[in-house]
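Written out below as structure tokens is the structure these notes cover.
Bear in mind these aren't lab numbers, they're just calculated from the coordinates by the rules spelled out. Because the structure is a prediction, the values reported are computed rather than measured. Here the Cβ positions follow ideal geometry from the backbone for every residue, glycine too, while neighbour counts run over all protein chains shown.
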2 protein chains.
Amino acid sequence: MTSQTGLQVPVPPALDRCRSLVEPALTTAVRSLHPLPRLMTSFSLGWCDADGRPTTAPGGKGIRQALAVLGTEAVGAPGDLAVPAAVAVELVHTFSLVHDDIMDGDERRRHQESAWKAFGTGPAVLTGDALFALAVSTLAGAGGDHSGAAVRHLAEAMGELVHGQADDLVFESRPWTGPDAVGIPEYQAMAARKTGALLGCSAALGPVLAGAPPLLVGALSEAGRQLGLAFQAVDDLLGIWGDPAATGKPVHSDLRRRKKTLPVLAAMALDPAAARHLVGLLDSGIAVDADDAYHAAAIVEEAGGREFALEDARRHVASARECLRAVPLAERAADELVEIAEYLLDRRL
Amino acid sequence: MTSQTGLQVPVPPALDRCRSLVEPALTTAVRSLHPLPRLMTSFSLGWCDADGRPTTAPGGKGIRQALAVLGTEAVGAPGDLAVPAAVAVELVHTFSLVHDDIMDGDERRRHQESAWKAFGTGPAVLTGDALFALAVSTLAGAGGDHSGAAVRHLAEAMGELVHGQADDLVFESRPWTGPDAVGIPEYQAMAARKTGALLGCSAALGPVLAGAPPLLVGALSEAGRQLGLAFQAVDDLLGIWGDPAATGKPVHSDLRRRKKTLPVLAAMALDPAAARHLVGLLDSGIAVDADDAYHAAAIVEEAGGREFALEDARRHVASARECLRAVPLAERAADELVEIAEYLLDRRL
């Protein structure tokens, strides 16, 4: 997949700066775990291979920790203050990847085996649990006057995230057409929970910890949530048209897995003839092979599903930008948040 | 298995009283979940069958909620104040049962299928996660001056619980004999984490929420932890000699599953000849059949493993009693806590 805009947006330098700020505390937190979940967490973060040997595997982009730090700087507080919040959201993110891969049966993650595939389902369940507990205790132990409010904020986001994952699980067994089919608004509500809640929480959690006024917390939270919706739409695009060399997943992978994603649902809503074709290809009861998936991708594109999802992502990034511009935030940090939003829209990986 | 003392200790009335106090809030909390984890939680709590029809299945004993309420009354605060703490610890307990059954491959729980067996592994992972998040947000939302401290307390207990479960998982692949064998002190440290931490937290969490002095919180926490160690020892006894009609598990079930439990480890430590026999029966590389398990149970008993575990449970109950008597607590609640301890020691189920 070429870049969404045709231009290649460079990696925002803020990502590296925030990573350097947060990494020591994240490393210390992970070191406090029992050896088994510690190894599995280091593996999941791309720090080592399954035998514990240091690797140079590409870890996550560190979007969530960056939002935590930049959100805090945006309300005029020092970025250091956000570190426990940044660690907590990265841990919750890693928890959700480890458990989601079990639920979805995904065998690959970031160009290596997923945690359950490499270590077994039981240890992967355990590792997610350990990360969840560690996230809460890291934040609860942050001290200051506002750590109680911050924990409340994080717990709500975790509840939403799990709710979104439950929606997604239930969508799998829903029909493609008819009155029980998954509609676009319902899909968006799922994405807002599954992906938006934690990104919204990431941007707002440092400010909550810093005792920022509710107006600013609300704007950052909503900006993060909009970014999450854009992120999900781009993920859905990459799940169909992403370059396997970049995504580490087979071509048309979401179609082969019959996933109900935004481009497909949009194509079906926009074009009844395409819907009939797609149901024939994706819902035939037999495996979706490479040819069928290739064919389905072409139908989705022709019916406008690809353009719909791309436009949806652009619209959410624009909304995020508006949220950030509507309230008085420190200019540099707000600009860096916008840069990250544009980078996410443009990412190839 | 007949009652441990030969006498039948009646069910303490405090359990029912505390259940009545906590159940409305627990029900409200569970109702706030997404329909899928809500159904699975109601099923796991024994409130309904897998299709959602109300049942009269025996749910849990409600020990943890009772400790939360009685601990709070023991420090002179009203039991109502403990309700969010009681709900949180019952939710964490249910979370741990749902996830532990996945990790241990247990297909039965409380005379019905375990959650993963009835609904699938993915939904069971999800349900545990939902319960974990709900526990934290219930407690974080309790309000008052001390909910931050209470969340910190709960998060630490959750971390310990997961650490203990990790120990237990790792024990499975450790040898029965030699320098890497699991020793009794190591086993006890695991049990203190896996079972003791949440019972200690249960007894202390309401008092923390009520702002009780650290001396009282510490005594209640330690009493709960000792109770947890007793509880684990009794569980280990029931896992070998429990009446299948009462436990809902096959006779000698832990031996058939080659579980490293206290009676077996004690027998091996006490009697080298028994150890050699037991290794031959339990570590032969082929399945442990009913005859081998019967034989192994007899060897464990003869070598003194059964008596050792029973004595261990008694000692921990005595320690719990001492903790409660060493500090000034409200007499009635302290008496009720002791009654629960004696009931747990004596339980047949």
Open item on the list: Taking the Kirkwood radius as the inverse of the mean 1/r across Cα pairs, report the Rg/Rh of region A:9-73.
Closed with: 1.02
Open item on the list: Under a Cβ-only charge scheme (Lys and Arg +1, Asp and Glu -1), can you give me the dipole magnitude of the protein assembly as shown about the Cα centre, in debye to the nearest 20?
Closed with: 400 debye
Open item on the list: I'd like the Kirkwood hydrodynamic radius of region A:277-325, using the inverse of the mean 1/r over distinct C-alpha pairs, in Å.
Closed with: 12.7 Å
- [ ] Can you find, among A:242, A:163, A:201, the residue farthest towards the positive end of the dipole of chain A? Put +1 on the C-beta of Lys and Arg, -1 on that of Asp and Glu.
- [x] A:201
Task: Rotational relation B to A, axis-closest Cβ in chain B, residue and distance rounded to whole Å - done: B:148, 2
- [ ] Give me the angle, in degrees from 0 to 90, between the Cα long axis of helix B:63-74 and the longest principal axis of the Cα atoms of chain B, rounded to the nearest 10.
- [x] 50 degrees
- [ ] Quick one: with label points 7 Å out along Cα→Cβ, list the inter-copy distances for residue B:218 in nm, shortest first?
- [x] 4.6
- [ ] Calculate for chain B the 222 nm mean residue ellipticity that helices alone would give, adding -39,500 (n - 2.57) per DSSP H run of length 4 or more and normalising by residue count, nearest 500 deg cm²/dmol.
- [x] -22500 deg cm²/dmol
Task: Electrostatic dipole magnitude of region A:1-148 [Cβ: Lys, Arg +1; Asp, Glu -1; Cα centre; debye, to 20] - done: 240 debye
Task: Degrees between helix A:214-241 axis and first principal axis of chain A (Cα, 0 to 90, nearest 10) - done: 40 degrees
TODO: Please give the helix A:272-282 orientation as an angle from the longest Cα principal axis of chain A, in degrees from 0 to 90, rounded to the nearest 10.
DONE: 80 degrees
Task: FRET efficiency, 1/(1 + (r/R0)^6) with R0 41 Å, evaluated for residue A:104 and residue B:80 via beta carbons - done: 0.45
Task: Among A:262, A:154, A:179 the positive-end extreme of the charge dipole of region A:13-346 (Cβ point charges) - done: A:154
- [ ] Once you've got the Cα coordinates, tell me which of B:61/B:249; B:194/B:260; A:194/A:259; B:117/B:194 are over 20 Å apart.
- [x] B:117/B:194
- [ ] Please report, to one decimal in angstroms, the Kirkwood hydrodynamic radius of the protein assembly as shown built from all distinct Cα-Cα pairs.
- [x] 26.7 Å
- [ ] Could you give the size of the charge dipole of chain B about its Cα centre, using +1 on the Cβ of each K and R and -1 on the Cβ of each D and E, expressed in debye and rounded to the nearest 20?
- [x] 520 debye
- [ ] Please pull out the direction-averaged projected area of chain B, using the convex hull of its alpha-carbon atoms, in nm² to one decimal place.
- [x] 16.6 nm²
- [ ] Compute the relative contact order of region A:208-349 as a whole-number percentage, counting only Cα pairs closer than 8 Å that sit 6 or more residues apart in sequence.
- [x] 36 percent
- [ ] Let me have the relative contact order for region B:13-346, percent, based on Cα pairs under 8 Å that are six or more residues apart.
- [x] 18 percent
- [ ] Using the 7 Å Cα-to-Cβ label point, sort the distances from residue B:80 to its equivalents in the other copies shortest first and give them in nm to one decimal.
- [x] 4.6
Task: Furthest towards positive pole of dipole, B:144, B:125, B:94, structure part chain B, Cβ charges - done: B:144
